[in-house]
Amino acid sequence: MRDIPATPGHDPASPGQEIGGNRASASAFAGDDVEAASLHARIGRFRWRICAMLLAATTISYIDRQVLGVLAPFLQDKLNWSELQYSYIVTAFQAAYAIGLLGAGAIIDRFGTRIGYALAIGIWSVAAMSHALATGVVSFAAARFALGLGESGNFPAAIKAVAEWFPQRERALAAGIFNSGSNIGAIVAPLLAPVVAARWGWQAAFLCTGVLSATWLTVWLLTYRTPDRQPRLAPAERTYIGSEPAAPAQRVSWAHLLRHRQTWAFVAAKFLTDPIWWFFLFWLPKFLHAEYGLSLLELGIPLITIFLLADIGSIAGGWLAGRLIRRGWSVNRARKGAMLLCALLIVPISFAAKANHLWLAVALVGMATAGHQGWSANVYTLTSDMFPRHAVASVVGIGSFAGAVGGMLISTLTGLLLQATGTYVPVFLMAGGAYLLALAVVHLLVPALAPASLDGRDASLTADGVTP
């Protein structure tokens, strides 16, 4: 099946639309998988190497941030942190992450993915290693703040790279694959950090992650180029990647982007659901330690199980939307259908805090993390569904800023609740309902996922809902 360019007001491969001058029909989608495999063999797979690099960067970034969560029960006892003091350290990371996102997307749009990504990972590599010098709440908070500044560039740069290297129908899958690095990192961290900390001290755990970041940075600078400048890219694959209309070169300000409902839909989705993922990253080890008495080394298997499920969810969520599009669903219906399924998977986590067995709690949380990551793969892809390539990183930056602000709020709230009540019940209840609420808001704002017209006419604001 050949690629179908995405144009404003047109859903690729939607039923009843004109495709290559012929009416689409259900029979056109028979044998999709065989046809797709044949297509990939003809055009090449270099773009998936780029996706692998994005996966590696995201994995490393989540190892960097997750090491603190894994070691938190041990560090809290050793350094005498209260629940509220730990929440301040977590909030420092999220505050810097939010501040960084104010400019990360615009910087990446201005200087390009290659240089922008290199700057981001260079900063977070140094910041990760600086944790080894920390001695208390203030110094840990300072190291986390620096790490947050650097890591704020990861997702805007990765999403922009996906928009540069993949046609629309493959973007959700590509986003799901690289986003699964957040789960791989969360798996590697409980495997690596306790063993390194037990053998060489907790400082060594932070130093190891910084070395990984520096190694990736070297490979990135040596290999990454945009498709039009990559000499190793086959002509057929370059044509396939560039089959959509070229994006205009002009930059778009945040002020202009915030006039569009499409931007606010992405902002709402991130603000309401990103905090739940932050909670999973930074508080799950403490929850398992407090509720089930797990030691530092015993945390590994439950956390690995949870984030393996999340990894499956990330890839499956992106795959599902792409599969539905190839089957003839509109982008709007496929994207929101996948998001609804993911949201429903998260609802049962409301009961996790009262689970009477460790592995019941692990199953409920694991199902929720899988749902979140499938959700996230599709939410990120909303930006390239609704915005031209040159605006994608800026929109991701705006939405991720909102998500980081939401994360700051839930971290502080969690610390206050635990300090006052000692129970996780209210937080798990919020997690269970957040995604359905977010989907309702997204659908209200963009009922048809109409592309934003950045020339001053917003398709979503017309009276009849039709792109002008």
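Residues checked against (1) within 30 Å of His289 (Cβ to Cβ); (2) surrounded by 22 or more Cβ atoms within 10 Å (Cβ to Cβ); (3) modelled with pLDDT of 50 or more:
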position: Met1; (1), (2), (3): no, no, no
position: Ala6; (1), (2), (3): no, no, no
position: Gly21; (1), (2), (3): no, no, no
position: Val34; (1), (2), (3): no, no, no
position: Gly44; (1), (2), (3): no, no, yes
position: Met53; (1), (2), (3): no, no, yes
position: Gln66; (1), (2), (3): yes, yes, yes
position: Phe74; (1), (2), (3): yes, no, yes
position: Lys78; (1), (2), (3): yes, no, yes
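Among the candidates Ile241, Ile159, the residue that is among the hydrophobic types (A, V, I, L, M, F, W, C), closer than 23 Å to Arg45 by Cα and over 21 Å from the mean Cα position of the chain (by Cα) is uniquely Ile241.
Look at the range 338-362: where a residue is under 15 Å from Ser314 (Cα atoms) and in contact (Cβ under 8 Å) with a residue 12 or more places away in the chain and a partner is surrounded by 24 or more Cβ atoms within 10 Å (Cβ to Cβ) and among the polar types (S, T, N, Q), sitting 6+ places away or on another chain with Cβ atoms under 8 Å, you get Ala338/Asn378; Met339/Asn378; Cys342/Asn378.
Take the conditions among the β-branched types (Val, Ile, Thr), closer than 19 Å to Trp278 by Cβ, surrounded by fewer than 24 Cβ atoms within 10 Å (Cβ to Cβ) and in contact (Cβ under 8 Å) with a residue 40 or more places away in the chain and apply them to Ile184. Does it pass? Yes.
Mind telling me which of the residues Asp464, Asp455, Asp385 ends up being over 26 Å from Phe166 (Cβ atoms), among the acidic types (Asp, Glu) and either at pLDDT below 90 or surrounded by fewer than 19 Cβ atoms within 10 Å (Cβ to Cβ) (or both)?
Numbers: Asp455 fails: over 26 Å from Phe166 (Cβ atoms); Asp385 fails: over 26 Å from Phe166 (Cβ atoms).
Result: Asp464 is the single residue among Asp464, Asp455, Asp385 that is over 26 Å from Phe166 (Cβ atoms), among the acidic types (Asp, Glu) and either at pLDDT below 90 or surrounded by fewer than 19 Cβ atoms within 10 Å (Cβ to Cβ) (or both).
Scanning the range 337-349 for residues that are surrounded by fewer than 24 Cβ atoms within 10 Å (Cβ to Cβ) and either of a type in the set (S, T, N, Q) or closer than 15 Å to Phe287 by Cα (or both) turns up nothing.
Filtering the range 193-207 to residues that are farther than 14 Å from Val126 by Cβ and surrounded by fewer than 21 Cβ atoms within 10 Å (Cβ to Cβ) leaves Val195, Val196, Ala198, Arg199, Trp200, Gly201, Gln203, Ala204. Consider the range 315-335 and keep the residues that are part of a helix (DSSP H, G or I) and in contact with a Pro (Cβ under 7 Å, 6 or more places away or on another chain). The one that is surrounded by the fewest Cβ atoms within 10 Å (Cβ to Cβ) is Ile325. Tell me whether the range 406-414 contains one or more residues that are among the hydrophobic types (A, V, I, L, M, F, W, C), buried (at least 24 other Cβ atoms within 10 Å of the Cβ), within 23 Å of His443 (Cα to Cα) and in contact with a Phe, Trp or Tyr (Cβ under 8 Å, 6 or more places away or on another chain). Checked the range 406-414: no residue is among the hydrophobic types (A, V, I, L, M, F, W, C), buried (at least 24 other Cβ atoms within 10 Å of the Cβ), within 23 Å of His443 (Cα to Cα) and in contact with a Phe, Trp or Tyr (Cβ under 8 Å, 6 or more places away or on another chain).
As a summary of the residue check, Gly322 satisfies the conditions (1) out of contact with any Lys or Arg (no Cβ under 7 Å at 6 or more places or on another chain); (2) under 25 Å from Ala448 (Cβ atoms); (3) touching a residue at least 24 places away in the same chain (Cβ under 8 Å) except for the one numbered (1). From the list Ser411, Ser400, the lone residue that is of a type in the set (Ser, Thr, Tyr), touching a residue at least 40 places away in the same chain (Cβ under 8 Å), touching a Lys or Arg at 6+ places or on another chain (Cβ under 7 Å) and part of a helix (DSSP H, G or I) is Ser400.
Meeting the requirement of 1 or more residues that are acidic (Asp, Glu) and either at positive phi or buried (at least 24 other Cβ atoms within 10 Å of the Cβ) (or both), the helices (runs of 4 or more DSSP H) wholly within the range 234-314 are 261-292. Is at least one residue of the range 97-112 modelled with pLDDT of 90 or more, of a type in the set (Lys, Arg) and assigned to a helix (DSSP H, G or I)? The answer is no; no qualifying residue exists. Within the set Trp200, Trp220, the sole residue that is of a type outside the set (Val, Ile, Thr) and under 24 Å from the mean Cα position of the chain (by Cα) turns out to be Trp220.
Just give me the residues in the range 213-224 being surrounded by 15 or more Cβ atoms within 10 Å (Cβ to Cβ) and either modelled with pLDDT of 90 or more or part of a loop (DSSP other than H, G, I, E, B) (or both), in sequence order. Passing the criteria: Trp216, Leu217, Trp220, Tyr224.
Considering only residues that are surrounded by fewer than 24 Cβ atoms within 10 Å (Cβ to Cβ) and part of a helix (DSSP H, G or I), which ones fall in the range 145-169? Scanning the range 145-169 gives Phe145, Ala146, Leu149, Glu164, Gln168, Arg169.
The values are calculated or read from the model by the stated rules, or taken from the named source; none is laboratory data. Just so we're clear, the structure is a prediction, and the values are computed from it rather than from any experiment. As a convention, Cβ positions derive from the backbone with ideal geometry for all residues, glycine included, and neighbour counts pool all protein chains shown.
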